[in-house]
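The values are calculated or read from the model by the stated rules, or taken from the named source; none is laboratory data. Since this is a predicted model, take the numbers as computed values, not measurements. Note that we place each Cβ from the backbone using ideal geometry, even for glycine, and neighbour counts take in every protein chain shown. Ligands, DNA and RNA are stripped out before the accessible areas are found, and what is left, the full protein with its side chains, is counted by its heavy atoms. Shrake-Rupley method; radii C 1.70, N 1.55, O 1.52, S 1.80 Å.
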Amino acid sequence: FLARLASLMPESMWTTMYREKQAHARTEVSPEEIMFDEQIPAKGPAPSSFVYLPEMRLASSRRMHDGKTVKLLVLGNRGGAGHTHEDKGSFVLEYANCTIAMDPGICRYDHPLTPVLKYAHRHNMLVPVGLEERARPDNPMAGHVDIDASGDGDCFHAKMDCTKGWVKYYRRWIREYESPSA
């Protein structure tokens, strides 16, 4: 899979991931991999320090702190998307290859825990408690949770208004991520 994507987009991170997999994997090489390998550069690009995908409603930062990598991924939401977790406005934070804050992942869709793992209170979200019902955002949401983001190798800023899906619980809910230096 990685070999095919890297051959189609040789100047992309697919090449970097493919070459990293090759360096660490001790498995047999598939005939398809052999066929694509000569089309793939020996080395891919370095990861970007800032990625902003406004249409996908996500932004990420990758910077160094004390010689170790800090990664932050901020997630918004496209309005009308129904097959989603309740974590509109959540984030994933990693430092030195250790995950500090994350969503719990997911299991097979037929597993009984699948719906529970999508709950907002299982993510790094502020969720009202002490209510008769389980607090959750509208799904699907009527509007987008857009991210306003900027950054580079030294700083990162992201801000989003998460109120749209939570109007039943919050008058206003703004999440902001600010890191003025590495």
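Counting only residues that are open to solvent by less than 60 Å² (accessible area, probe 1.4 Å), in contact with a Lys or Arg (Cβ under 9 Å, 6 or more places away or on another chain) and in a loop (DSSP other than H, G, I, E, B), which one in the range 119-140 is farthest from Val51 (Cα to Cα)?
From the range 119-140, those open to solvent by less than 60 Å² (accessible area, probe 1.4 Å) are 119-120, 123-125, 127-128, 135, 137; that's our starting set.
When the remaining residues are screened for being in contact with a Lys or Arg (Cβ under 9 Å, 6 or more places away or on another chain), the result is 119-120, 125, 127, 135, 137.
Adding the requirement that they be in a loop (DSSP other than H, G, I, E, B) leaves 119, 125, 127, 135, 137.
Working: Tyr119: 27, Met125: 22, Val127: 28, Ala135: 31, Pro137: 26 Å.
In this case the residue turns out to be Ala135.
Would you check which residues across the range 24-51 are within 26 Å of Leu72 (Cβ to Cβ) and assigned to a helix (DSSP H, G or I) and list them?
Kept after step one, since they are within 26 Å of Leu72 (Cβ to Cβ), are these residues of the range 24-51: 24, 43-51.
Residue satisfying the conditions is His24 alone.
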Does Met56 meet the test of being modelled with pLDDT of 90 or more, in contact with a Gly (Cβ under 9 Å, 6 or more places away or on another chain) and over 25 Å from His123 (Cα atoms)?
no
Just name the residue that is nearest to Glu176 (Cα to Cα) out of those in the range 58-81 that are open to solvent by less than 40 Å² (accessible area, probe 1.4 Å) and not in a strand (DSSP E or B).
Gly76
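Consider the range 141-161. How many of its residues are part of a loop (DSSP other than H, G, I, E, B) and out of contact with any Ser or Thr (no Cβ under 9 Å at 6 or more places or on another chain)?
Just the residues of the range 141-161 that are part of a loop (DSSP other than H, G, I, E, B), to begin with: 141-144, 146, 152-155.
Add one more test, that the residue is out of contact with any Ser or Thr (no Cβ under 9 Å at 6 or more places or on another chain), and what stays is 142-144, 146.
Within the range 141-161, residues that are part of a loop (DSSP other than H, G, I, E, B) and out of contact with any Ser or Thr (no Cβ under 9 Å at 6 or more places or on another chain) number 4.
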Only one of these conditions is not met by Cys107: (1) in a loop (DSSP other than H, G, I, E, B); (2) under 24 Å from Phe50 (Cβ atoms); (3) open to solvent by 30 Å² or more (accessible area, probe 1.4 Å); (4) not charged (D, E, K, R). Which number is it?
(2)
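Of the residues Glu94, Glu133, Glu55, only one is over 30 Å from Gln22 (Cα atoms) and within 15 Å of the chain's Cα centre (by Cα); which?
Values: Glu94 fails: over 30 Å from Gln22 (Cα atoms); Glu133 fails: within 15 Å of the chain's Cα centre (by Cα).
Criteria check complete, one pass: Glu55.
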For the list (1) farther than 18 Å from Tyr52 by Cβ; (2) in contact with a Leu (Cβ under 7 Å, 6 or more places away or on another chain), I need the number of the one condition that Leu113 fails.
(2)
Quick one: count up the residues across the range 10-23 that are under 30 Å from Ala81 (Cα atoms) and either free of Cβ contacts under 8 Å to residues at least 12 places away in the same chain or in a loop (DSSP other than H, G, I, E, B) (or both).
1
